[in-house]
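FYI, it's all coordinate maths here, none of it is from the lab. All values derive from a computational prediction rather than experimental measurement. Every residue, glycine as well, gets a Cβ built from its backbone with ideal geometry; the counts of neighbours run over all protein chains shown.
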Amino acid sequence: MTTAKTEFRKWLEYRWTSPDIDWRKGNVISGGIDIGSVSSQAVIMVDGKLYAYSSMRTGSNSPDSAERALGWALEDTGLNGKDIRYIVGTGYGRINIPMAKKVITEIACHALGANFIYGSSVRTILDVGGQDVKAIRCDEKGKVINFIMNDKCAAGTGRGMEVIAELLEVPIVEIGERSFKVERNIDPVSSTCVVFAKSEALKLLRGGMAVNEVLAAYNQAMAIRIVEVLERIGLEREFAITGGQAKNIGLVRRLTELLKTTAVDSGELDPQVAGAIGAALFAKAIIEKSRQSSK
Amino acid sequence: MKLGIDIGAENTKVAIVKNGDVLSLVSVGTGSEQYAAVEKGIKQALEKIDKSKKDIKQIKVTGVGKKAIPDITKEEVNEISAAAKGALFFFPSSRVVIDVGAEEARAARIDSEGKIKDFAVNEKCAAGAGSFVEAMAKALEIPVEELSKIALESKKKTPMNAQCAIFAESEVVSLIHAGFTKADISKAIHDAVADRIAGMARRAGIEKDVVVIGGVAKNIGFIDALKRALNMDILVCANPEYVGAIGAAISE
């Protein structure tokens, strides 16, 4: 008999191709690869339009993760890796992406990617990544003006939420919805530290609290923690959230309530892909610049 | 006869003291019912020396759960002064007391009477407390006692950020894949906690003699690392996890 261990913490791995674009008619084909601590994305753009992307879990080494992410994004498109004129690498594992001709920080890439996804009126971006939280202020072109980051502590990061997902055995995609299925007011867990929050959550469960209520308690604590980060840089509207946790309505709604603001909707686009989109846009600019100078 | 209770995050300790002699020490798991844990601890401590509740003149309580037992006692002693009193009981030369528990750590600089001159506390982050070592032992799949022992076998400096226990778990896995031995990793783990604790202790100020108490003081790998981090010798008594309870028992 075989038993499979369900991994509650993982987001869905998937790929996407635009039905409206024929890359053969394209002029500038650029690529961006974002190797994060937890997830990796590869984006292919044709003339600055989103053509194809993939999103998957980061493996144990960056070059291999980059290879797999790009290979998957290319799948069934007829495109070859060599058709992509220029690839920019970004993210936690960015120094180890063999096909990337240039490396740009994820701060710059997320700002530019958010500008693409959410529009030029975005001035503050919150990126809730796997192992860090960044608050970025940018201008109308998606250029970074200032940023602050917490990468020392798991509280407020995607990793923290993964720990809770595994502990409560709730798939990460269901956490947001379920955290609202409570019939009374739930206080946030008191600890900032994820290790302590985990033992607090266990105590609450043993004390008879429902799983959904514990989810509410943790989401609220995470929102409070992130507000502290945002307050240090100041929030100017429009406000947008990127990273995996931007898909967690349980966090987003509580966060925007605390901030007394709203976050721009990403529409059809996956906010987890913002970094790779930014990287592909930088790649496009580099291609165009080199063509201009060679004219 | 005086009784002291220390309700910690993980264990509840009970000490019975008479005329400067420790008569009985008992530790029970705190669990989610602090009141029940205390009752059980008191019962066992009395049974051990064949005494009953009426022989006890005074009961004092300290620790994170000190407010949980108003029916038993409302005489609270704050953790820092209980630690100071307890440390001086064992070592009259104590001037700095570092108390490292499962979920918090404290350092206090004291005078010969146990008066607090300065102190620093960490109760916000597992990386500066016993939980960190426990989480790492779990990641390495070895008991904490063994983890603490093998740290002494390594002479290597192993690269580890380890500012957060959650991130350190994945770091430990990468270090294993990179071929570091468990002994090397254990040394890096204990150095990381010791650096944090030393940093906290420096905020309170360092003076001789430094005494370490609390459950984590039993961890020889940690004590060894803390000696390195503070670059000085450290005093540890037998049963260091009971020092807070003893300190509460002898408090006026």
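General observations
- Taking the inverse of the mean 1/r over every pair of distinct Cα atoms in chain A gives a Kirkwood hydrodynamic radius of 19.6 Å.
- Other residues lying with their Cβ under 11 Å from the Cβ of B:Lys218 contribute a combined charge of -2, Lys and Arg counting +1, Asp and Glu -1.
- Folded to 0 to 90 degrees: helix B:130-140 orientation relative to chain B principal axis, Cα: 40 degrees
- In this Cβ point-charge picture (+1 for Lys and Arg, -1 for Asp and Glu), the protein assembly as shown has a dipole of about 920 debye about its Cα centre.
- Rounded to the nearest 10 degrees, the inclination of helix A:106-118 to the longest alpha-carbon principal axis of chain A is 90 degrees.
- Cross-link reach is defined here as a Cα-Cα straight distance under 18 Å, omitting same-chain residues fewer than 8 places apart; for B:Lys53 the lysines meeting it are B:Lys2, B:Lys13, B:Lys18, B:Lys40, B:Lys43, B:Lys74.
- For chain B, convex hull volume per residue from C-alpha positions, Å³: 117 Å³
- Simple point charges give the picture: +1 on the Cβ of Lys and Arg, -1 on the Cβ of Asp and Glu, and for segment B:92-236 a dipole about the Cα centre of about 420 debye.
- Across segment A:201-260, the relative contact order, built from alpha-carbon pairs under 8 Å that are at least six residues apart, equals 42 percent.
- Segment A:207-295: GluC sites (Glu not before Pro) in DSSP loop, at most 11 other beta carbons within 10 Å: A:Glu268
- Nearest 10 degrees, 0 to 90: helix A:62-74 Cα axis against chain A principal axis: 70 degrees
- Cross-link partners of B:Lys138 among aspartates and glutamates (Cα-Cα below 15 Å; sequence separation of 8 or more within a chain): B:Glu146, B:Glu169, B:Glu171
- Helix content alone sets the calculated 222 nm mean residue ellipticity of chain B: runs of n ≥ 4 DSSP H residues at -39500 (n - 2.57) each, divided across all residues, give -12500 deg cm²/dmol.
- Taking chain A and dividing mean pair separation by its residue count, relative contact order in percent (alpha carbons under 8 Å, at least six apart): 23 percent
- Peptides B:153-160, B:164-171, A:246-253 ranked from most to least packed, by the mean per-residue count of other Cβ atoms within 10 Å: B:164-171, A:246-253, B:153-160.
- When the convex hull of its Cα atoms is projected in every direction, mean area for the protein assembly as shown (nm²): 30.6 nm²
- Loop-located GluC sites (Glu not before Pro) in segment A:1-82 (DSSP state not H, G, I, E or B) with no more than 13 neighbouring Cβ atoms inside 10 Å: A:Glu7, A:Glu13, A:Glu75.
- The trypsin sites (Lys or Arg not before Pro) of segment B:33-73 that meet both conditions, a loop assignment by DSSP and at most 10 other Cβ atoms within 10 Å of the site Cβ, are B:Lys57.
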